[in-house]
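Engineer: Below you will find the structure I want to go over with you.
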């Protein structure tokens, strides 16, 4: 997944983001709304990351989130 795809999947991805960065509030997630620059700003604000570190962590998260979304879903059957 990349940042262009994130906008359309934002509602589904908010839970994953909240798991990764628990200091982000629901209001923060509403403001971010799938936009990389806003996530970077909130990571700087809440965690004290330098801009380049926040950008790297945000990009790593979106890549990881995309990898997880491609995993096969188990239905619990045999």
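Engineer: Check residue 56 against each of (1) touching a helix residue (DSSP H, G or I) at 6+ places or on another chain (Cβ under 9 Å); (2) at pLDDT 90 or above; (3) surrounded by 13 or more Cβ atoms within 10 Å (Cβ to Cβ) and name the one condition it does not meet.
Structural biologist: The number of the failed condition is (1).
Engineer: A further question on this structure: Run down 9, 23 and say which single residue is assigned to a helix (DSSP H, G or I) and out of contact with any strand residue (DSSP E or B) (no Cβ under 6 Å at 6 or more places or on another chain).
Structural biologist: Criteria check complete, one pass: 9.
Engineer: With respect to residue 43, determine if the residue is at pLDDT 90 or above, surrounded by 11 or more Cβ atoms within 10 Å (Cβ to Cβ), under 9 Å from the mean Cα position of the chain (by Cα) and in a helix (DSSP H, G or I).
Structural biologist: No.
The values are calculated or read from the model by the stated rules, or taken from the named source; none is laboratory data. Note that this is a predicted model, so its numbers are computed, not measured. Cβ coordinates were reconstructed from backbone atoms using ideal geometry, including for glycine residues, and neighbour counts include every protein chain displayed.
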